[in-house]
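Computed from the coordinates by the stated procedures, all read-outs in this text should not be read as laboratory data. Just so it is clear, the structure is predicted and the values come from calculations on it, not from any experiment. Here the Cβ positions follow ideal geometry from the backbone for every residue, glycine too, while neighbour counts run over all protein chains shown.
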Amino acid sequence: MTRPGSMTPPRGHGIGRIGVIGLVLVGVIGLDAQAASAQSAGDAWRFDLGATLQSLTSWVDPALESSDDDVQGVHGGVVRLKWSVEWTDRAVLEVHERVLASVSASGALGPAGFGVSRRPGRAFDASATWVDTEGTRVVHDFDRIALRLFTGPVDWTIGRQAISWGTSVLFPVADLWAAFSPFELDVEERPGVDGIRALAYPGGVEVDGVLVDRGEDGVSGGVRGSWSGARWEVWGGGGRFWDRTVGLAGVTWLGDHAQLRLEGAVGDATRATLGVDRVSTRVSVSAEIHYNGDGAGSAAEYPAQLASPVLSRGETYYLGRYYGGAAVVASPDDEGRLSLALSVLANLDDRSTAWTPSASYDLGRSARVGVGGLLSTGDRPSLSGGAPSVPILPTEFGAYGRQVFVRISLFY
């Protein structure tokens, strides 16, 4: 059974051994130089190189009641190299290489992990599958290849780039370019999409225009305008996303100690999220309620919903229509080394929930270790009798089972 958000990148072509050689050489340089940085004599050019390395070891208790499998072990790893070449204040070339590896006895990823988000459709495939055997997969990809030009009235970004719209924390509405799965653990950098972006600021208004080539998924484009005041932030826009025309709008009220947010989508897709945030030096709290117009009307429709285009392309990761959720992040120590977090997602239709507690500690010298898990409540899935068997999903989050993990992150 395929869960929403449990998709792996497709097999790629072409970059292959060049990517391997570049990754190894640059990795050695980056690890030795500890975030290497070089400037030309005249300071006209600047070269920066950084890297992140993350390791995740998980133990997964499958949700399927008819499964005879014991707890499964899954190991994942991500290496990201970030190149940047800057010319005065006029242009920046940014390139990210990403290697994603997974090893598991069953060949399946856990519900939470690295690379569980849907990779966006792109105009050209810059990935290469280095290893693809039973239980082991290693994929190299150029996740960012973008040239930014600062021309004065308009700032241009051309190529593979990260784009994020909207303000929702748990239930995105306007994030229609490349959204994360709610159980994605590699969220340091958003996946890049291939396109052109123009940012202009006439009369104190930010105007953001985007045109993206999604390859087999077609061309998408949209425009958004944003206005900011002493207590308010308002934005609105719309466009053609995949095969649907959607209007978007949002407003945020900024209080002294909290903020209230509302954003929505209308047209071929209807969604809305109402949220509140309270931020302090030690504790941050967010809560949201969400309406998903694309969701199934009942649990009986969940299997068909799993195959719908809106889930397969990552436009949304939720099966139902009505949701609530909250997230808490706390730093109890004075130095801010210890971080405690908890997020809760609830399907208000079938009353299933997903709890993701985590704790991490900053060891210094750009190293962090952490533990966490995914605990779900709700009736678990089963398989119908007969041939072929059909999955029966009485609840959404009950299908995710349980998972615990240990995580190590290094930053250079």
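Residues 323, 400, ranked from the fewest to the most other C-beta atoms within 10 Å, line up as 323, 400.
Shown for 257, 290: other C-beta atoms within 10 Å of each C-beta, ranked fewest to most, produce the order 257, 290. Fewest neighbouring Cβ atoms within 10 Å first, the residues 251, 193, 71, 173 line up as 71, 251, 193, 173.
Gyration tensor analysis over the Cα atoms of the range 69-199 returns equivalent ellipsoid semi-axes of 32, 18, 11 Å (largest first, whole Å).
Rounded to the nearest 20, the size of the Cβ-charge dipole of the chain about its Cα centre is 360 debye, with Lys and Arg at +1 and Asp and Glu at -1. Among the chymotrypsin sites (Phe, Trp or Tyr not before Pro) in the range 106-213, those placed in a DSSP loop whose Cβ has at most 15 other Cβ atoms within 10 Å are 124.
Between residue 365 and residue 270, the contour length at 0.36 nm per residue exceeds the Cα-Cα span by 29.6 nm. Every pair of different Cα atoms in the range 248-336 enters the Kirkwood calculation, which places the hydrodynamic radius at 15.1 Å. What would the Debye equation give as log₁₀ I(q)/I(0) for the range 16-411 at q = 0.08, 0.09, 0.15 Å⁻¹, counting only Cα atoms as equal point scatterers? For the range 16-411, the Cα-only Debye profile gives -0.47, -0.61, -1.77.
Annotation note: GluC sites (Glu not before Pro) in the range 307-412 located in DSSP loop regions with a Cβ neighbour count of at most 16 within 10 Å are 335. Note on the range 53-136: Kirkwood radius taken over Cα pairs, Stokes-Einstein applied at 20 °C and 1.002 mPa s, translational D equal to 137 µm² s⁻¹.
Pairs of Cα atoms nearer than 8 Å and 6+ residues apart set the relative contact order; for the range 271-375 it is 19 percent. Loop-resident trypsin sites (Lys or Arg not before Pro) (DSSP state other than H, G, I, E or B) in the range 187-293 with no more than 15 further Cβ atoms inside 10 Å of their Cβ: 231, 282.
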